[in-house]
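Participant: I'd like to ask some things about the structure below.
None of the figures in this text is laboratory data; all of them are computed from the coordinates on show. Just so we're clear, the structure is a prediction, and the values are computed from it rather than from any experiment. Positions of Cβ are backbone-derived with ideal geometry, glycine not excepted, and every protein chain shown enters the neighbour counts.
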Amino acid sequence: MVGNIEEDRDGLHQSPLGIPELLYVSVKMENPNLTLSRDLLPHVSGSCPSLDPSKALSMERESASVWELSFVVPPNHEALEFKFLLKPKYIDNPCFIEEGPSRVLIGGALQDGDRLALFRLDSDQVLEYRVFVEAKRASPFDLAASWRAYQENFRLSTVRGIPDVSINSEVQTGSENISSASLELDLEHYIVPSPPVSASSAPVYAANLTENPRSLGSGSASISSSTVDGSVSMINQPETVKLTEVNVPDPSKVYQSPGMVKSQSVGTISPLQKEDDLRGLLVDRGVGVPRLVKSSSSNAFTNLNLVTDTKNSIPAAAGAVAAAAIADQMLGPKEHRHLAIVMVSLPARGKTYTAAKLTRYLRWLGHNTKHFNVGKYRRLKHGSSQFADFFRADNPEGVEARNEVAKMAFEDMISWMQEGGQVGIFDATNSSKQRRNMLMKLAEGRCKIIFLETICNDVDIIERNIRFKIQQSPDYAEVSDFEAGLRDFKERVANYEKVYETVEEGSYIKMIDMASGHGGQIQVKNISGYLPGRIVCFLVNTHLTPRPILLTRHGESQYNVRGRIGGDSALSEAGELYKKKLAKFVEKRLKSERAACIWTSTLQRTILTAGPIVGFPKIQWRALDEINAGVCDGMTYEEIKKNMPEEYESRNKDKLRYRYPRGESYLDVIQRLEPVIIELERQRAPVVVISHQAVLRALYAYFTDRPLKEIADIEMPLHTIIEIQLGVTGVEEKRYKLMD
Ligand SMILES: O=P(O)(O)OC[C@H]1O[C@@](CO)(OP(=O)(O)O)[C@@H](O)[C@@H]1O
């Protein structure tokens, strides 16, 4: 019934936060004889001030035969005396008072136990009720949270009644009409610089952003990236997230059922475990990162940041991702814990771009994923100016040199997997059976291979890809004559075509003419398991049709003004102005985009912000609701710091994984946003997403490939639109600030 309560010197029960707890008492009466008791309503009459039936409190019907009354008292309350009585439904008198002495309740327990309540209706008719009392300890915060939830259920939101999908064709009037919100005709006027670590504002050649060849002597922390103008910049690659939060169990208190799992089996090393040989029981508060249950000696949950065992690491992820990773680690052959997605295609079929996108998606979900591009190895080892002859199948030196760098890249990938890497994307043409056999031999007993073949028969798309390659690839950086470059690259493609063999062996996913987003097909063979399943789902929905995605927070809310988190408040005056400016902006920016769509959360601050936008369908997504702050919902950060210092501290230490009591963590938010990402990938028209700070941080991080560990701190200002342009060459970003 009650756990984790400490008694202080005055005998008062205290929560782990040192706040005296209250007793939540529920008194119940049950009478299965429904015929006799049908018209009699159970009441409770208390001794304070007197046992007066006219002041009796009615009990609530809990089920057909059970009645209930609940109330809150301090744990050290004085004895409460009371009696049950039955009042006839339709007349005031007579009322029947239970036989015997008054009942006495102290500390949530009835002094005379579960004595029946007997009512003498007349000389020979006695009605018997069974009596139960239940008492739970509750902190004032729990009570405040449930009181607020209760009240909010009764407070009508100004947007209730709006269907999940709506479209308004006329500008709303009335309260919307605060002042006219003008907007310059030229939207460029509102552009503000994007933060330095974000999607680029110019196309970047995807192969440049892949892993740095370590066997060729390059470090792995940062890589050099040549840009269009030939200059070199350093780009920090997302690092493996190494910290795992665990709570340490007390072995004496933890019941170990045969099916329970030792923490070691999922590769989590805890210094305390080592010291005490404590057995960890993996638990999950709802959804989330598996945790070890807490120590009995400490009433507060102990949050420790521990370095995971990189040889066997679990992903920094919540829910399904974590569950699947653990299952994969416990079941199945060891080599299947590491997955190599081996790309297969002719040059200029969008293979590197697909590989980069898949890497970004898997990283965002929390899988430790790296993209290894063999072309990068070739350029480092043999120089970037290799012309078409180098790629001829009847050029033994060329074949040998290309196989050598492929082996190097593959071995680098395996070494990285052995250090904890989970998914390696191996990006090369791999277009002959012989090459693929070589890779399968290298993978034996070390990782599972899935071939991912991209086939494109659309000559326009191929031509566009080839032209992009000449402009962007370091292979042609030194070639000043564009047409000469074009001729050489086409010859290279022809050399590959002569020996190309489509994949028929092993496990494979084949994408045939999927780039345009309409038509095409995907074929799969020998594909099973959680991760391959997610990969297929992602690839089915992804395409290369260029379109913008506009991300914006709602207009400033009344809670934002008061510094309160969560809630469902309406807009402030500034927020009201923003929603009008936003509507004008959307009207101008998307004026020729008839199929565009507006997505909001189900909270009124986003629905109100979308209100004045006309002519586009609006869709409410529950998944776009703000991070659930649980018992902290409605508090200010200052109040949390003061009243729940440990919670405040824990969040400060690890904001990504910290889950608000009865609420969510950022990892939980990422999990629930996965269908949103898949749908954004699938859409071919522009989408305006009006959502919230935490949710937009997670979405933005996906598009800009920001590492998980940075997500919770990404700057996400109010009244600013972030335009993400998805295109054939990758992701570009523009920001518009509509208000000063
Ligand atoms: O994770 P942190 O940095 O607390 O940011 C999330 C918070 O942002 C807020 C504002 O403080 O979002 P919103 O403006 O959508 O209401 C809170 O509701 C939410 O809890």
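Participant: With r as the distance between the Cβ atoms of Leu118 and Glu646 and R0 = 51 Å, compute the FRET efficiency 1/(1 + (r/R0)^6) and round to 0.05.
Facilitator: My answer for the efficiency is 0.55.
Participant: Here's another thing I want to ask about it. Working out 0.36 nm times the residue gap between Ala494 and Ala574, then minus their Cα-Cα distance, what length gain in nm do you get to one decimal?
Facilitator: Value of the extension gain: 22.7 nm.
Participant: Please work out how much length the chain gains when fully extended from Lys525 to Asn403, using 0.36 nm per residue of separation minus the C-alpha to C-alpha distance, in nm with one decimal.
Facilitator: Answer, rounded to one decimal: 41.3 nm.
Participant: Distance check, please: which entries in Lys584/Lys737; Lys351/Lys441; Lys357/Lys584; Lys357/Lys734 exceed 25 angstrom between their Cα atoms?
Facilitator: Result: Lys357/Lys584 exceed 25 Å.
Participant: How long are the three semi-axes of the equivalent ellipsoid for the stretch 521-579, computed from the Cα gyration tensor as the root of 5 times each eigenvalue, in whole Å, largest first?
Facilitator: 43, 17, 6
Participant: A further question on this structure: Taking 0.36 nm per residue of separation and subtracting the Cα-Cα distance, what length does fully extending Ser63 through Arg594 add?
Facilitator: Net length gain for the segment: 185.8 nm.
Participant: Something else now. Just from the alpha-carbon atoms, what are the Rg and Dmax of the stretch 45-141 in angstroms?
Facilitator: According to the Cα coordinates of the stretch 45-141, Rg and Dmax are 14.4, 50 Å.
Participant: Let me ask something additional. Show me the GluC sites (Glu not before Pro) within the stretch 676-740 that DSSP assigns to loop and that have at most 13 other Cβ atoms within 10 Å of their Cβ.
Facilitator: Glu715
Participant: Quick check: from the Cα gyration tensor, does the stretch 596-731 come out rounded (a/c under 1.5), prolate or oblate?
Facilitator: prolate
Participant: Considering the zone a paramagnetic label at Leu34 would reach in this model (a point 7 Å from Cα along the Cα-to-Cβ line), which residues of the stretch 103-135 have amide N under 11 Å from it?
Facilitator: none
Participant: Then there's this: Got a sec? Which residues in the stretch 392-412 would a label at Lys441 touch, if it sits 7 Å along Cα→Cβ and we count backbone N under 20 Å?
Facilitator: Under cut-off, by backbone N: 393-412.
Participant: Compute the label zone of Lys381 within the stretch 477-503: residues whose backbone N is under 20 Å from the point 7 Å along Cα-to-Cβ.
Facilitator: It comes to 496, nothing else.
Participant: Enumerate by residue number the GluC sites (Glu not before Pro) in the stretch 55-153 meeting two conditions: DSSP loop (anything except H, G, I, E, B), and at most 11 other Cβ atoms within 10 Å of the site's Cβ.
Facilitator: Here the sparse-neighbourhood loop sites are Glu78.
Participant: Still on this structure, I have one more. Determine the equivalent ellipsoid of the stretch 444-523 by diagonalising the alpha-carbon gyration tensor, then write out the semi-axes as square roots of 5 times the eigenvalues, largest first, rounded to whole Å.
Facilitator: 28, 17, 12
Participant: Between Leu452 and residues 5 or more places away or on another chain, which pairs have amide H atoms under 5 Å apart, with H built 1.01 Å from N, and which residues are they?
Facilitator: Val342, Met343, Val344, Ile509
Participant: Could you list log10 I(q)/I(0) for the stretch 661-740 at q = 0.11 Å⁻¹, which the Debye formula gives when each Cα is one point scatterer?
Facilitator: Scattering profile of the stretch 661-740, log10 relative to I(0): -0.31.
Participant: Further, regarding this structure: Enter the Cα centre distance for the pair the stretch 414-442 and the stretch 637-678, rounded to the nearest angstrom.
Facilitator: If you average the Cα positions of each part, the centres end up 38 Å apart.
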